[in-house]
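Okay, so here's the structure we're looking at.
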Amino acid sequence: MHFTLQQLKLFEAVSRNASYTRAADELHLTQPAVSIQVKRLEEQVGLPLFEHVGKKIFPTVAGKTMYQASCDILARVAELKNSVETLKGEVKGPLQLSVVTTSKYFMPHLLGLFLTQYPDVEPKLIFTNRSKVMQRLYNNEDDFVVMGQIPEDDNLETHPFLENILVLAAHPDHALAKKKKIKLEDIINERFLVREVGSGTRLVFDRLLVEKGLKLEPYMELGSSEAIKQGVMAGLGLAMLSLHSLQLELAANKLVILDVEGFPVKRRWFAVHLKGRQLSLVARTFLDFILAESYRILNYDKK
Ligand code: PGA
């Protein structure tokens, strides 16, 4: 079988996305360029790798076997690349991270500064919710992941760094805005906007309610903190959000933090990877960088 790594890479992307178009978008190629290469790979294998049913594609048995092998080969090649860079002692090459959506308010800033010091690092940051980050963590798909709520698991290596302060936010004209020492049980029937199940923020909120023996009927469930924040600013309801996400809006008096007993809830952010994972020099250097520098870079030590 004569095939190239590039063909495996394209095939892997098509399989994972179950679509030629999405794979082509992801790899910044045209759709015909991707399908030609996958076709060549099929010719080499001598078996069809996908079945076309209507507009959808499904892997054949050979396709599934090929997918597993492609993942293994591509992961080994990435490791090899990293080992070579490590041997050379150069902080360059790929840095693959998955981070929870809420960290979009600080991770780009940390990465931005890191890249000014190490411009040859090729970062790839996937922002997704906690449950998908967990999936990627256990599939060992990233150098490390960043999340707030870590599972109890001895097979994980966890490195706490910044604080994650969770507050209850409201529109400045809300009836509760100026009230002091509000009890959560007294406002449980207010309209609450919550994140989707699978989000770490939602997990913390649900656990808090269980601890207090409270039951809340969410008024709206929205798939992003940004959407929830807009909802709060539009006066749709109250929401628990990370303080990281509210800096600009608080400064502009677009929303306020309610004085609710038990709040703020203080959590940490963690960089996490499977125990025993050999971090590349790039990943090790970035991890050390965020552990040592994040408070200073984000000016949190002055607040
Ligand atoms: P989320 O995760 O962005 O999925 O809500 C936040 C967290 O892990 O605390």
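The values are calculated or read from the model by the stated rules, or taken from the named source; none is laboratory data. Just so we're clear, the structure is a prediction, and the values are computed from it rather than from any experiment. We place every Cβ from the backbone using ideal geometry, glycine too, and count neighbours over all the protein chains shown. The protein model used for the area step is the full one, side chains on, heavy atoms only, and it has no ligands, DNA or RNA in it. Shrake-Rupley method; radii C 1.70, N 1.55, O 1.52, S 1.80 Å.
What tally of residues in region 165-218 results from selecting those that are on the phi < 0 side of the Ramachandran plot and open to solvent by less than 70 Å² (accessible area, probe 1.4 Å)?
Residues in region 165-218 being on the phi < 0 side of the Ramachandran plot and open to solvent by less than 70 Å² (accessible area, probe 1.4 Å): 34 in total.
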Within region 192-237, work out how many residues are of a type in the set (A, V, I, L, M), within 12 Å of the ligand (Cβ to nearest atom) and touching a strand residue (DSSP E or B) at 6+ places or on another chain (Cβ under 7 Å). 4
Out of GLU42, GLU90, GLU85, report the one residue that is more than 24 Å from the chain's Cα centre (by Cα), more than 16 Å from the ligand (Cβ to nearest atom) and outside any helix (DSSP H, G or I). GLU90
Is it the case that some residue within region 96-111 is open to solvent by 30 Å² or more (accessible area, probe 1.4 Å), hydrophobic (A, V, I, L, M, F, W, C) and not in a loop (DSSP other than H, G, I, E, B)? no
Of all the residues that make up region 49-82, how many are surrounded by 14 or more Cβ atoms within 10 Å (Cβ to Cβ) and part of a loop (DSSP other than H, G, I, E, B)? 2
Counted residues in region 219-253 being on the phi < 0 side of the Ramachandran plot and either touching a His at 6+ places or on another chain (Cβ under 8 Å) or β-branched (Val, Ile, Thr) (or both) come to 5
Go through the residues of region 122-139 one by one and say whether even a single one is among the hydrophobic types (A, V, I, L, M, F, W, C), away from the ligand (no atom under 12 Å from the Cβ) and open to solvent by 20 Å² or more (accessible area, probe 1.4 Å). yes
For region 75-122, which positions are under 18 Å from ARG136 (Cα atoms) and touching a helix residue (DSSP H, G or I) at 6+ places or on another chain (Cβ under 6 Å)? LEU95, SER98, VAL99, VAL100, THR102
So THR201 passes all but one of these: (1) farther than 29 Å from SER98 by Cα; (2) in a helix (DSSP H, G or I); (3) not hydrophobic (A, V, I, L, M, F, W, C). Which condition number does it fail? (1)
Evaluate region 157-176: report whether one residue or more is over 17 Å from the mean Cα position of the chain (by Cα), within 15 Å of LEU287 (Cα to Cα) and either at pLDDT 95 or above or away from the ligand (no atom under 16 Å from the Cβ) (or both). yes
